[in-house]
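Worksheet: the structure to be examined is printed underneath.
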Number of protein chains: 2
Amino acid sequence: MLPTFRRDPRVRLVAAFDPRESATQAFGREFGGRACETAEAVCADPAVEWVYVATPHQMHVEHVQLAARHGKHVIVEKPMALAIPDCTHMIDACRAAGTHLVVGHSHSFNTPVLHARRLIDSGRFGAVRAIHALNFTDFLYRPRRPEELDTAQGGGVVFSQAAHQVEVVRLLGGGLVHSVCARTGRWDPARPTEGAYSALLTFRSGAFASLTYNGYGYYDSDAQMDGVGEMGKPKAPGTHQQTRRKLAAATDEAEEARLKAERNFGGSAYVPDDGAAPDAFQHFGPVLVSCDGGDLRLTPRGVEIHDREGLRFDAPPVPPVPRSEVVDELWACTREGRVPLHDGAWSRATLEVCLAILESARGGGDIILGLQTELPFP
Amino acid sequence: MLPTFRRDPRVRLVAAFDPRESATQAFGREFGGRACETAEAVCADPAVEWVYVATPHQMHVEHVQLAARHGKHVIVEKPMALAIPDCTHMIDACRAAGTHLVVGHSHSFNTPVLHARRLIDSGRFGAVRAIHALNFTDFLYRPRRPEELDTAQGGGVVFSQAAHQVEVVRLLGGGLVHSVCARTGRWDPARPTEGAYSALLTFRSGAFASLTYNGYGYYDSDAQMDGVGEMGKPKAPGTHQQTRRKLAAATDEAEEARLKAERNFGGSAYVPDDGAAPDAFQHFGPVLVSCDGGDLRLTPRGVEIHDREGLRFDAPPVPPVPRSEVVDELWACTREGRVPLHDGAWSRATLEVCLAILESARGGGDIILGLQTELPFP
């Protein structure tokens, strides 16, 4: 999120904490904000309005509760948590404090997703009947900390990547998933967590969705996205194979974790945002929405509409700051008095689907859900 | 199959029967073969070696039994039948007669599918772990006879189109499907049969497959196949919308059925094969096979191989006669003494999956299968 926070004029970074001292120091140097020595010091700072929790998944509940206790609004990264009760604790903490809880960034914030939702809401295409979402990435072979390869600690593609894809699909399908049937793949003994899944979701409306994700780093579905990568920038063919080759050079777990840390802010291999305005949207792979009156295909440039009249293209303007859609939602909460879309209950419902993917893959059959939420608008 | 039978030198059409007199007469005129007045007369003809049964689905069992009683080998169109016992009757009839039973054409005969299978069999890519198959067509809006829009009579995309897609996926996955979870869409009350489905298949090996089909005629997944259509020929964008528009001009069921009949051999709107050698293979939409050591992407030109080394392309030669792969299999049976791949038991197993798609969509949950067959070779 740093390129967003750096460039969106609605955001000022006033305090930060990171267990890597190099990051906290770089923060003070670059942003002139307070370099704190604990997470609590950030939360207690009276200049802080929103706390952004970007800690490892299993620490979210502790840090959200901490921020809420100090009366702060919170944005917490996905996956919201690894278990439903933790989500409920976070929701309760913010409700008790009277503060907003938003979960993101996820790719359901992307403009083409929100624009497709607006097209659906217009009623021009009738009911959503089916959704198809696909993504082939190199996820499993990017440098990882050990816990990212341990499902019990929130590792693997179901917690990290289904969290995106399920959000996108729920947003397009209206939110209320009835049941989940899924299979997962754990195919590489050296990286013993889920690297792939296929899931069949059924909405209460009767609409269904097919989701497939493969993070094993061979085929690249960005070939279907005009060669635009997840971050909205041109991507060279062969990127996945390079990811595998670079990782093969890491000698052990510690070296791999170090490679990852060095790529983050304050690390020696950190590549700062080039500041160029993107010419495409971020995306999470090919998505097709089938409605009674037409099919909508999401692309990194907008939404392709295939209906009785033929093919046309809706291209909303690309925001000059990537992921500024996230700031839009925070701004709408605390400056315009609107309810957030990606609130705690919404995101708990997404985790419920992710957990059902794991459960169905273990035991077979359909898992019936009970915590789903509708879109709060229109 | 007529362009194949016309041009493959291994085939001679010696007798035929069609209830449309115009077709039987055109047959005698064009092929110089016997224009018979009953199906039985074709089967009884001593010059006939293979009987090709292209009658409506529900008549297959009667006609296969008839051919077998006369000691003929039989090729019968897919879907083999609408119920398992009918498949078994056909298998038993041919076994008792000592004749071969082959089910086809289906798109699992296509060279890229067979070539991908050979690549898998080579062992170079390790185990098949997952398969993804997609197809968006205009199936439901092509002119239809009334029974093609009635599931009970074998109408709809599960009987007609899953028969292709499941065959392709079973062939690539090795054949032995353990369970099926699926949802179907019946979205147009004017065409009250399944027009779409998504299915999640699990193989006994643990591999899984995600299959999605949409025949409602908006988006065209041939855009992902270099603009090459199902029949291996260039396809203009907007074809689906034209299909819907042409159908809208039909005034009633009888007129629509007449439109369909006129497009067949001997009809006034029949377009004979232009005799040009195709430059691409026939296909059934985008198919991805994920193996331990690489992903295989089937295209109308061959197989894209994505593995550790990068991307390369295997392009087997396009046969000068389309669907000559079907004749290859018949020839292998009766001239080279080989067992057919697409025999009765294999194809009954495909119907079992199609019926499980319908059953799972009605009742939810996984349907466990019991009649699956392995590939007979290598």
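Got a sec? Which strands (runs of 3 or more DSSP E) wholly within segment A:134-226 have at least 3 residues that are more than 19 Å from A:HIS107 (Cα to Cα) and within 14 Å of another protein chain (Cβ to nearest Cβ)?
In segment A:134-226, the matching strands (runs of 3 or more DSSP E) lie at A:177-185, A:196-203.
Every condition in (1) part of a helix (DSSP H, G or I); (2) of a type in the set (A, V, I, L, M); (3) within 26 Å of B:ALA261 (Cα to Cα) holds for B:VAL113 except the one numbered (3). Here segment A:336-363 is the region considered, the condition is being without any contact (Cβ under 8 Å) to a residue 60 or more places away in the chain and not acidic (Asp, Glu), and the residue that is farthest from B:SER179 (Cα to Cα) is A:GLY337. In segment A:50-59, the residue that is surrounded by the fewest Cβ atoms within 10 Å (Cβ to Cβ) out of those that are touching a helix residue (DSSP H, G or I) at 6+ places or on another chain (Cβ under 7 Å) and at pLDDT 95 or above is A:TRP50. For segment A:355-376, the count of residues that are over 28 Å from A:GLY229 (Cα atoms), within 14 Å of chain B (Cβ to nearest Cβ) and in contact with a Lys or Arg (Cβ under 6 Å, 6 or more places away or on another chain) is nonzero. Would you check if there is a residue in segment B:121-141 being more than 30 Å from A:ARG186 (Cα to Cα), surrounded by fewer than 22 Cβ atoms within 10 Å (Cβ to Cβ) and modelled with pLDDT of 95 or more? Yes, there is a match, as at least one residue in segment B:121-141 is more than 30 Å from A:ARG186 (Cα to Cα), surrounded by fewer than 22 Cβ atoms within 10 Å (Cβ to Cβ) and modelled with pLDDT of 95 or more. A:GLN241 meets all of the listed conditions (1) within 9 Å of chain B (Cβ to nearest Cβ); (2) surrounded by 24 or more Cβ atoms within 10 Å (Cβ to Cβ) but one, namely (2).
Within segment A:339-368, which residues are closer than 21 Å to B:ALA361 by Cβ and either hydrophobic (A, V, I, L, M, F, W, C) or buried (at least 19 other Cβ atoms within 10 Å of the Cβ) (or both)?
Of all residues in segment A:339-368, those closer than 21 Å to B:ALA361 by Cβ come to A:353, A:356-357, A:360-361, A:363-368.
Those that are closer than 21 Å to B:ALA361 by Cβ and either hydrophobic (A, V, I, L, M, F, W, C) or buried (at least 19 other Cβ atoms within 10 Å of the Cβ) (or both): A:VAL353, A:ALA356, A:ILE357, A:SER360, A:ALA361, A:ASP366, A:ILE367, A:ILE368.
For the structure I just gave you, tell me whether A:ALA280 is within 25 Å of A:GLU167 (Cβ to Cβ) and crowded, with 17+ Cβ neighbours inside 10 Å.
On the way: within 25 Å of A:GLU167 (Cβ to Cβ): yes; crowded, with 17+ Cβ neighbours inside 10 Å: yes.
Yes.
None of B:THR24, B:THR4, B:THR55 is within 21 Å of B:GLY104 (Cβ to Cβ) and in contact (Cβ under 8 Å) with a residue 60 or more places away in the chain except B:THR4. Got at least one residue in segment A:231-243 being in contact with a strand residue (DSSP E or B) (Cβ under 8 Å, 6 or more places away or on another chain), under 23 Å from B:ALA133 (Cα atoms) and assigned to a strand (DSSP E or B)? Scanning segment A:231-243, I find no residue that is in contact with a strand residue (DSSP E or B) (Cβ under 8 Å, 6 or more places away or on another chain), under 23 Å from B:ALA133 (Cα atoms) and assigned to a strand (DSSP E or B), so the answer is no.
The values are calculated or read from the model by the stated rules, or taken from the named source; none is laboratory data. If you're wondering where the values come from, they're calculated on a predicted model, not measured in any experiment. We place every Cβ from the backbone using ideal geometry, glycine too, and count neighbours over all the protein chains shown.
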